[in-house]
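So the structure is just underneath, and the comments pick up after that.
The values are calculated or read from the model by the stated rules, or taken from the named source; none is laboratory data. The shown structure was predicted, so the numbers you read here are calculated from the model rather than taken from an experiment. Counting neighbours? That spans all protein chains shown, and the Cβs are built from the backbone with ideal geometry, glycine included. What goes into the accessible areas is simple: the full protein's heavy atoms, side chains included, and nothing from ligands, DNA or RNA. Shrake-Rupley method; radii C 1.70, N 1.55, O 1.52, S 1.80 Å.
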Amino acid sequence: MSKRNALASLILAGLLLATCTLVSAQTEIEGSWQGTLAVPGANLHIVFNIAKSPEGDLFATMDSPDQGATGIPVDRVSFSQGHLLLELKALTGLFEGELAGDKGSITGTWTQSGMSFPLVLERPESPTPQLDSVAFIKSTSSAPGDIEGNWLGTLSFSGTEVRLIVKIKTDSTGKLESTLDSPDQGVTDIPVDETSFKEGHLSLTVKVIGGGLEGDLTEDGGMIRASWSQGGVSLPLELKRIDTVPQFHRPQEPQPPLPYDERDVTYENKDAGITLAGNLSVPRAVGPFPVVILITGSGPQDRNETVMGHRPFLVLSDHLTRLGIAVLRVDDRGVGQSSGDFKAATGLDFLGDVLAGVEYLKTLKEIDSHKIGLIGHSEGGMIAPMAAVKSADVAFLVLLAGPGIPGDELLLLQQALIEKAMGASDDVISRSGKIQEQVLAVAKSSLDSAAAAVKIGQIIEDGLAQMTEEEKTQLGYNPEMVEISVQQALSPWFRHFLAYDPGPTLEKVSCPVLAINGEKDLQVPPKQNLSAIAESLQKAGNKDVTVRELPGLNHLFQTAETGSPAEYAKIEETFSPSALGLIGDWILARVTKGK
């Protein structure tokens with residue numbers, strides 16, 4: 001035998017030996033393996049089912065019983081010399097571990113989204129039925145029509161469940177396009193920037209919320225086993241086909257025919273050079289009528305103050321107009337049909353918009369110009385007293401969850417209460433509060449925006465560096481938090497809000513005032529704010545003041561369980577009938593005096 005032939009024989013023998021070892025090893029690893037993954041706030045049971053195809057290749061699926069997920073495909077299975085590797089692209093997850101000498105356990109690490117957790121897998125006492133290798137056939141071709149339709153799944157995180165609906169269709173050019181709904185957050189038709197479906201794999205990119213989805217269509221076409229990724233966190237998601245997209249049930253919204261007249265209106269804020277657009281509802285009777293202007297809360301709001309699928313100002317307007325009170329509700333500047341720049345505006349600008357509304361109503365013959373009232377919700381409850389002090393034409397005020405304490409104090413209190421509702425520990429809440437105090441101090445300072453941005457970013461990053469991953473999870477932290485916090489803290493509106501103390505303005509209000517809060521309001525806590533409002537109005541010598549804390553109601557005046565903002569969309573009630581009744585009766589008692 002030549003040296004070349006001898007070498008070839010040795011190589012061949014080596015290959016045969018390696019092949020025999022591999023086949024033997026595959027037999028050792030086949031079957032079900034289960035373990036418990038200790039992640040922040042939860043212990044998740046994990047099951048890997050490993051089998052061999054007719055061709056001798058290993059394949060596997062993963063189950064997560066606590067999250068209701070089964071049969072999640074494992075994209076890559078490798079087992080060599082006792083080392084097991086399992087990769088799940090849909091979850092951006094990877095398990096690597098070593099088979100014990102007694103073949104009864106695998107000690108390793110689960111890695112997902114940059115975080116690693118120890119995971120020990122053991123064979124279950126009761127053997128799990130083996131995977132049917134014949135049934136495990138991955139689709140190698142797919143057409144856009146296979147994925148078209150509506151898909152519903154539920155994301156579970158931090159004790160909260162949020163439904164997600166993916167709506168996929170083909171446009172006129174044959175290209176796939178899609179949108180997202182989040183019914184439990186009151187959001188519909190979120191644009192999806194990129195929709196891709198190839199070889200049974202669906203990929204979605206949603207830039208506006210920094211999210212995305214990766215998943216695989218099952219053979220029967222009835223389910224997408226996927227992973228939803230957002231803010232550095234990935235969650236398993238099973239989407240199932242649905243025939244009908246769930247609709248919000250909002251039974252209080254008025255339905256035609258209406259017993260009053262409505263019309264779209266526009267008027268000018270001449271000082272700001274903008275046009276404000278809204279809706280005026282007028283009783284179908286003999287006027288002139290008392291009237292209220294509805295003032296929205298913080299953030300860009302439309303005339304109905306639409307939030308989480310609810311339209312509280314529409315419901316309130318309907319209730320008051322049926323009582324004989326005209327109502328003007330308006331899109332915020334830069335929102336809807338109103339012109340102007342919302343991002344550049346502060347509370348003083350919104351004050352000017354309200355005063356422009358008062359001047360407009362005085363020109364209408366069906367309106368009693370001596371009975372113009374203001375109803376402000378949340379930040380609107382801060383703007384309304386400012387307008388009453390500026391204009392003698394304001395006859396009364398209704399403050400719905402209006403602030404009574406300075407803005408910086410309110411934000412710190414609000415943050416602590418919401419973090420507690422999210423399940424954060426007292427220690428984490430305290431440390432988070434200290435970070436926020438430093439951020440607010442910089443935002444209130446005279447530093448220019450560039451210097452303040454650097455300082456605020458450093459404060460947040462330094463504070464978070466002192467926290468564990470579990471503690472960050474308690475706060476709902478994600479990587480985008482720092483940039484978002486910096487941008488918000490330096491906006492003109494935020495800086496004005498922080499520095500504003502409602503007390504001195506309330507001390508000058510002489511017209512009748514109704515101030516109400518929900519007992520479970522976490523955004524404008526009732527006890528601190530109602531007592532401050534009452535104290536300030538007392539200093540004003542105001543003799544017509546009604547202050548009420550309404551039991552069981554949240555910041556939107558819904559009947560709630562916890563008051564957490566996470567509940568808003570899930571509650572069918574838009575505005576508590578008891579609160580509506582109190583508001584209507586109080587106003588009627590003031591506008592009918594002397595008749």
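Here the Kirkwood formula, the inverse mean of 1/r across different C-alpha pairs, assigns region 178-306 a hydrodynamic radius of 19.5 Å.
Applying 1/(1 + (r/R0)^6) with R0 = 35 Å to the Cβ-Cβ distance of Lys169 and Phe248 gives a FRET efficiency near 0.95. Basic side chains Lys and Arg get +1 at the Cβ, acidic Asp and Glu get -1 at the Cβ, and with that the dipole of the chain about its Cα centre reaches some 1300 debye. Averaged per residue, region 261-321 has 38 square angstrom of accessible surface, using a 1.4 angstrom probe with ligands and nucleic acids left out.
Cα-based values for the chain, radius of gyration first and Dmax second, are 30.6, 124 Å. What the pair-distance distribution of region 199-267 shows, using all Cα-Cα distances binned every 5 Å from zero, is 3, 11, 15, 13, 13, 9, 7, 8, 8, 9, 4, 0 percent. Taking 0.36 nm per residue of separation and subtracting the current Cα-Cα distance, fully stretching the chain between Leu85 and Asp57 would add 8.7 nm.
Computed over the Cα atoms of region 393-456, the ratio of the radius of gyration to the Kirkwood radius (Rg/Rh) comes to 1.13. Past the 20 Å Cα-Cα mark, which pairs from Lys371/Lys543; Lys343/Lys434; Lys167/Lys198; Lys444/Lys472; Lys508/Lys543? Among Lys371/Lys543; Lys343/Lys434; Lys167/Lys198; Lys444/Lys472; Lys508/Lys543, the Cα-Cα distance tops 20 Å for Lys343/Lys434; Lys444/Lys472. When the alpha-carbon atoms of region 323-445 are used, the pair Rg, Dmax equals 18.5, 60 angstrom. Helices assigned as whole DSSP H runs in the chain whose Cα atoms extend at least 18 Å along their own long axis and whose mean Kyte-Doolittle hydropathy is -1.0 or higher are found at 3-29, 347-361, 407-421, 426-444, 449-465, 526-539, 577-591. Across the chain, the relative contact order, built from alpha-carbon pairs under 8 Å that are at least six residues apart, equals 9 percent. Note on region 450-595: Cα convex hull, mean projected area over all directions, 12.3 nm².
Rounded if a/c is under 1.5, else prolate if a/b beats b/c, else oblate: with a ≥ b ≥ c from the C-alpha gyration tensor eigenvalues square-rooted, which is region 331-402? Verdict is oblate for region 331-402. This model, with +1 at the C-beta of Lys and Arg and -1 at the C-beta of Asp and Glu, gives region 390-528 a dipole about its Cα centre of some 460 debye.
Just the protein heavy atoms count here, and of the accessible area of the chain at 1.4 Å, carbon and sulfur take up 53 percent. The figure for Lys371 is an accessible area of roughly 40 square angstrom, using a 1.4 Å probe on the protein chains alone.
A viscosity of 1.306 mPa s and a temperature of 10 °C, combined with the Kirkwood radius over Cα pairs in Stokes-Einstein, give a translational diffusion coefficient for region 285-384 of 115 µm²/s. Shape descriptor for region 258-302: Rg over Rh equals 1.03 (Cα atoms; Rh from the Kirkwood inverse mean 1/r). Amide H contacts for Ser338 (H built 1.01 Å from N in the peptide plane; partners 5 or more residues away or on another chain; cut-off under 5 Å): Ala277.
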